[in-house]
Amino acid sequence: EEEKVAQVASACQALREEKEAAVAATRRNALLESAAQMAAAQRVAAEQQSAEVAAAKQTAQAEKVAAVAAARQTALEELESSLEAARQVAVLDKERELSLARATADAELE
């Protein structure tokens, strides 16, 4: 009878040890799963940050292109204005020449 009690006690002890090992394995698995989920979340956050950086770079490049285009447009408008002013001066000079030529021709005719 003592032998049966010892066998039952030994079997109970083995069951307790198996239960403890199973609980420990479950805890390890839960920790590993949690770590994997954290790593995945960090990966997603890094990808999102990378996308935001790329978008910011594209925005900065687009703003730079827009600024260059605006500067070119301003330069073109200034050039057109200068050309118009030069054309008007040339017209006035030609009108003065014609007026002087008429006056000279009128004076010679008199």
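For the reader, a short list of remarks on this structure follows.
- For the chain, the fraction of 1.4 Å probe accessible surface lying on carbon and sulfur atoms is 59 percent.
- Nearest 10 degrees, 0 to 90: helix 2-109 Cα axis against the chain principal axis: 0 degrees
- Efficiency of FRET between Ala41 and Arg16 - r from beta-carbon atoms, R0 41 angstrom, step 0.05: 0.65
- Net charge, Ala22 excluded, C-beta distance under 11 Å - Lys, Arg +1, Asp, Glu -1: +1
- Å² of accessible area per residue within the chain, as computed with a 1.4 Å probe and no ligands counted: 89 Å²
- The Rg/Rh ratio for region 6-110 is 1.93, where Rg is the radius of gyration of the alpha carbons and Rh is the Kirkwood radius.
The values are calculated or read from the model by the stated rules, or taken from the named source; none is laboratory data. No experiment lies behind these values; they were computed from the predicted model shown. Here Cβ is always computed from backbone atoms with ideal geometry, including for glycine, and neighbour counts include all displayed protein chains. Just the protein is used for accessible areas: all its heavy atoms, side chains included, with ligands, DNA and RNA removed. Shrake-Rupley method; radii C 1.70, N 1.55, O 1.52, S 1.80 Å.
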